[in-house]
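What follows is a short report on a single structure.
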Amino acid sequence: MMHLHHVPGTRSSRILWLLEELSLDYELSAYQIGDGSLRTAEFLDRSPLGRVPALEINSTVIFESSAITQVLCEQYPDAGLAPSVGEADRAAYLQWLSYAETQASIVEALNLQMIFLRPPAKPSVAVLKLMVARLKATLGPLEALFGTQDWVLARGFSAADTMLGFNLYAVKHFVDLQPFPKLRAYTERCRARPAYQRAVEKDGAQKMYSQDFYPLPTEV
Ligand SMILES: N[C@@H](CCC(=O)N[C@@H](CS)C(=O)NCC(=O)O)C(=O)O
């Protein structure tokens, strides 16, 4: 039995997509950030920081998307979505898995400043500029990577793509992807996957971003 605790359009979408890639049966419970549903005693028992994803596998609950990704790939090795210990591209796989989380943490900082902060609190323009520049800097190495291969690993689609591919959905709200054609083509390849499309259908409407793009404020 698997049960994914999820907020549409967030890092738990990585796991939703991976569960679909693995063709697994699972239950899905959806929450919302900011309405208290991630802070109940029952939820904090599953995920002590009140964050998603949390995945129940039988009587065990795991949180942290990269750990969940690893556990699922190890439980279903025949799907071939992660290199095993000793395989040549294992280091690259682990590296990009962590890179995806570095990038997501910058997006999270921008979400906090641009979306969740409510007056009278004001975002710092200097910090926002720095965050957008740091986010943009994460795209250069990916543009180079996808200039030579279709997926994060040269061997083909892997769970590093479910970790990273999800981010780009959020990144485009803060950085114009126009100058990154290889990256845009990569997001189209992700979008074309049937498992991605099933995940998007189950994800439901995301309620976080009300604008397609959030430009830096000129004055605050
Ligand atoms: N490193 C964690 C981060 C999890 C995380 O921060 N999730 C966000 C959604 S993207 C969340 O649940 N936020 C709820 C909150 O901060 O209240 C992971 O990869 O699972």
Exercise. Which pairs have Cβ atoms under 7 Å, sit 6 or more apart or on different chains, and link a residue in segment 167-178 that is not assigned by TED's automatic domain parsing to the domain that holds R11 to one that is among the basic types (K, R)?
Worked result: V175/K136; L177/R184
Problem set entry | In segment 143-185, the residues that are in a helix (DSSP H, G or I), closer than 13 Å to A100 by Cβ and not aliphatic (A, V, I, L, M) | D161, T162, G165, F166, N167, Y169
Exercise. Out of segment 182-193, which residues are in contact (Cβ under 8 Å) with a residue 24 or more places away in the chain and more than 14 Å from the chain's Cα centre (by Cα)?
Worked result: K182, L183, A185, Y186, R189, R193
For this session: May I ask you to verify whether L16 is among the hydrophobic types (A, V, I, L, M, F, W, C), in the same structural domain as S158 (by TED's automatic domain parsing) and out of contact with any Phe, Trp or Tyr (no Cβ under 8 Å at 6 or more places or on another chain)?
Result: no
Exercise. Here is a list of conditions, (1) modelled with pLDDT under 95; (2) of a type outside the set (A, V, I, L, M, F, W, C); (3) surrounded by 12 or more Cβ atoms within 10 Å (Cβ to Cβ); (4) not assigned by TED's automatic domain parsing to the domain that holds P123, and R198 meets all of them except one; can you say which number that is?
Worked result: (1)
Exercise. From the list Q113, Q103, which residue is surrounded by 14 or more Cβ atoms within 10 Å (Cβ to Cβ), without any contact (Cβ under 8 Å) to a residue 24 or more places away in the chain and assigned by TED's automatic domain parsing to the domain that holds R155?
Worked result: Q113
For this session: Determine if segment 116-123 includes at least one residue that is assigned by TED's automatic domain parsing to the domain that holds A160, in contact (Cβ under 8 Å) with a residue 12 or more places away in the chain, surrounded by 13 or more Cβ atoms within 10 Å (Cβ to Cβ) and part of a loop (DSSP other than H, G, I, E, B).
Result: yes
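The values are calculated or read from the model by the stated rules, or taken from the named source; none is laboratory data. Only a predicted model underlies this, so the values are computations on that prediction, with no experimental measurement involved. Cβ atoms come from the backbone with ideal geometry, glycine included; neighbour counts cover every protein chain shown.
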